[in-house]
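Presented below is the structure to which this report refers.
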Amino acid sequence: MNRRQFIHSSIFALIAGSLASCSESQKFQLRKNMVIGCFGDSITNAGGHGYVELLQEKLNEEHPELQIKLINFGKSSETVSGLTEEDHPGPRPYLFERLDDILAKNPIDMALFCYGINCGIYGPPSEELFNSFKIGVYSFLEKLRQKNIGAILLSPPPLALNAAPLDHLSDSVPYGYKNPYPKYETEVLQEFKEIVLNMEHPVSQMEIDIHTPLLEQQGNCYDQDPIHPNSKGHELIAHTIYRKLSF
């Protein structure tokens, strides 16, 4: 089954799911010896020096008795929508082409999910685009359900063009990561954020908004690259997750 067939075969499962608002007061209770797999794109991967590793350091420092282990499964350029923009150098990696193998080889108790920035392929909004992302999120949760694994969903990070504007944006050439649709943040990523934060599924234990704090502090959290947060941005992501945990 190719990625397009997988996306369309999943739409009926998505329709069966419902959307509901999450509780801001909710916290997730960590258990001793819990293994957490962290799934995402290059922002999660971060060369092994991003929010995943910072969160691990914080947990080791503050709660060494719990012996929590985080595994970074982030992959650069990856999506859960199965889409690729025209000017991208080859097809974008697609999580569902490797997810089964990861889950088979790595016993995990919980999954941390952070996708979206690439999933809209930096173009204008459309119902097809939003449905592809919804199906991707829901299908990820269904895969975890089969393995009895819980999930924490992170909203996608923003496209911080105010802090790190790109030169020569144009609508006369195809939109992509080098030439994003000018309203990609407000018309696409904000909708992706709402999809994640309002996703209700029995596997999802919590939804955490990292989009809003990064956007509000984008002047400090981004340098010359509007896609990838700097070290302060990763610290903010780790802190935002940490304060949603209980011990």
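Principal axis extents for the chain, Cα atoms only, whole Å, descending order, please.
Largest first, the chain extends 57, 42, 32 Å along its Cα principal axes.
Do any of Lys193/Lys244; Lys134/Lys232; Lys32/Lys232; Lys75/Lys244 go past 20 Å between their Cα atoms, and which?
Numbers: Lys193/Lys244 17 Å; Lys134/Lys232 30 Å; Lys32/Lys232 29 Å; Lys75/Lys244 25 Å.
Listed pairs above 20 Å: Lys134/Lys232; Lys32/Lys232; Lys75/Lys244.
Under a 1.4 Å probe, what is the accessible area of the chain per residue, stated in Å²?
Result: 46 Å² of accessible area for each residue.
Please give the contour-minus-distance gain from Glu61 to Val35: 0.36 nm per residue of separation, less the Cα-Cα distance, rounded to one decimal in nm. Could the numbers behind the result be given before it?
Values: separation 26, 0.36 × 26 = 9.36 nm, distance 1.68 nm.
Here the answer is 7.7 nm.
Given the peptides 190-203, 153-166, 212-225, arrange them by the average over their residues of other C-beta atoms within 10 Å, most packed first.
Details: 190-203: 18.8, 153-166: 22.1, 212-225: 16.9.
With the highest mean Cβ count within 10 Å placed first, the list reads 153-166, 190-203, 212-225.
What FRET efficiency would be calculated for the residue pair Val173, Thr212, taking the C-beta separation as r and a Förster radius of 35 Å, to the nearest 0.05? Could the numbers behind the result be given before it?
Details: r = 31 Å, r/R0 = 0.89.
Efficiency, rounded to the nearest 0.05: 0.65.
Roll a 1.4 angstrom probe over the protein heavy atoms and tell me the percent of accessible area of the stretch 78-210 that is carbon or sulfur. Write down the numbers at each step before the final one.
Working: 2410 of 5200 Å².
Carbon plus sulfur share of accessible area: 46 percent.
Given charges of +1 on the Cβ of Lys and Arg and -1 on the Cβ of Asp and Glu, with all other atoms neutral, how large is the dipole of the chain about its Cα centre, in debye to the nearest 20? Kindly include the intermediate steps, with their values, before the conclusion.
Details: 21 positive and 31 negative charges, 180 e Å.
So the dipole magnitude of the chain works out to roughly 860 debye.
Give me the orientation-averaged projected area of the Cα convex hull of the stretch 163-220, in nm², one decimal. If you can, show how the numbers build up before the last one.
Numbers: hull surface 21.2 nm².
The Cα convex hull of the stretch 163-220, projected and averaged over all directions, gives 5.3 nm².
Taking R0 as 41 Å, what FRET efficiency do you get between Asp100 and Asn220 from their Cβ-Cβ distance, rounded to the nearest 0.05? Spell out each step's value before the answer.
On the way: r = 39 Å, r/R0 = 0.95.
Efficiency computed from Cβ-Cβ geometry: 0.55.
What does the helix-only formula give at 222 nm for the chain: each DSSP H stretch with n ≥ 4 adding -39500 (n - 2.57), the total divided by the residues, and the result rounded to the nearest 500 deg cm²/dmol?
Working: 10 runs with 86 residues, N = 247.
That calculation yields -9500 deg cm²/dmol at 222 nm.
Using +1 at the C-beta of Lys and Arg and -1 at the C-beta of Asp and Glu, which of Pro125, Pro182, Leu154 has the Cα lying farthest in the positive direction of the dipole of the chain?
So the residue furthest toward the plus end is Leu154.
The values are calculated or read from the model by the stated rules, or taken from the named source; none is laboratory data. What you see is a predicted model, and the numbers here were worked out from it, not measured in a lab. So basically every Cβ, Gly included, is an ideal-geometry build from the backbone, and we count neighbours across all protein chains shown. Ligands, DNA and RNA are stripped out before the accessible areas are found, and what is left, the full protein with its side chains, is counted by its heavy atoms. Shrake-Rupley method; radii C 1.70, N 1.55, O 1.52, S 1.80 Å.
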